[in-house]
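Down below is the structure, laid out as structure tokens.
The values are calculated or read from the model by the stated rules, or taken from the named source; none is laboratory data. Note that the coordinates shown come from a computational prediction; the quantities given were computed from them, not determined experimentally. In this analysis, Cβ positions are derived from the backbone assuming ideal geometry, glycine residues included, and neighbour counts consider all displayed protein chains.
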């Protein structure tokens, strides 16, 4: 039965996994030039799931650490190797800033991803004006002016010291598309209200196909595919990211893989427990479907602990208004608030992540945003 389930789900995945994307034309500005397999873990009870409705899981890698490009480059290459080892795809979300840094310092990473079957997506970080606290320059703009301003921020470079545009070089969504030779599938708009609405329209016009309304859960059972401003909302019924069952605290699993209760933070166990709970909750309902699962991690989580290296540039980390956004000009020489993990911790995190990928490849259907868009169509 398990073999039949795997064969049929693989066939189902192949029918939509090859949907082509059309590369976006470059912006009209100057361009810039294995480890051993982990031990098998018993599968959860998925007897209620038919081959037509397997459980779907997406491996989301948020890439944003432009302050540690060597470490970022190293883990990205390891992750592409890992996904290819298990014949699955990862979904890599790049900011324009880390893309530029890698293109200039580690072009081998760009080429590795361009020549792989991985999915490329996009996201933003401060001081991009779509971030709350950095959006004052958008205040009071008319709808047309707001749209054009956001389009400019997705066409030209972001000055990291002032938050203003650098029209001498490309940036934003269009730059990431140019560097990777294809449109990023997902383009989240982290702000809210009028700004989010305008940003979604801009991203749709540039070739994005998916947006976010929530990160880890929020999809309705009745309607997993929701569209807004022409973009599919990324579905996620639950995630393999945070643990609350140990002591009611909201904790990321990767920070506790070497703790005394590490077994409780094992991501494969998290997946099994939550999938079993999904089965329990939906088995008695008249309407059921396969869950969409998000396994989200940031590339720096594998090798750094604490706040991101760039956070002290844009946020008050120690003052009276700790956590508040700073005002420009930003100090790009501020001390790094992150610390390098020990080699033992790095190895433990990667091993736990590999166990999760191996388990999902063997028992679930691994999809990226590109696959989900094809499914929704």
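When you scan the range 285-296, do you find a residue that is at pLDDT 95 or above and out of contact with any strand residue (DSSP E or B) (no Cβ under 8 Å at 6 or more places or on another chain), even just one?
No: the range 285-296 contains no residue that is at pLDDT 95 or above and out of contact with any strand residue (DSSP E or B) (no Cβ under 8 Å at 6 or more places or on another chain).
Hey, does the range 80-91 have a residue that's in contact with a helix residue (DSSP H, G or I) (Cβ under 9 Å, 6 or more places away or on another chain), surrounded by 16 or more Cβ atoms within 10 Å (Cβ to Cβ), at pLDDT 95 or above and within 28 Å of residue 164 (Cα to Cα)?
Looking for residues that are in contact with a helix residue (DSSP H, G or I) (Cβ under 9 Å, 6 or more places away or on another chain), surrounded by 16 or more Cβ atoms within 10 Å (Cβ to Cβ), at pLDDT 95 or above and within 28 Å of residue 164 (Cα to Cα), one finds none in the range 80-91, hence no.
Within the range 229-250, which residues are surrounded by 16 or more Cβ atoms within 10 Å (Cβ to Cβ) and not in a loop (DSSP other than H, G, I, E, B)?
Within the range 229-250, 231, 232, 233, 238, 239, 243 qualify.
Among the strands (runs of 3 or more DSSP E) contained in the range 102-206, which hold 2 or more residues that are surrounded by fewer than 20 Cβ atoms within 10 Å (Cβ to Cβ) and in contact with a strand residue (DSSP E or B) (Cβ under 9 Å, 6 or more places away or on another chain)?
165-170
When the range 301-325 is examined, which residues are found to be in contact with a strand residue (DSSP E or B) (Cβ under 9 Å, 6 or more places away or on another chain), at negative phi and at pLDDT 90 or above?
301, 303, 304, 305, 307, 308, 314, 315, 316, 324, 325
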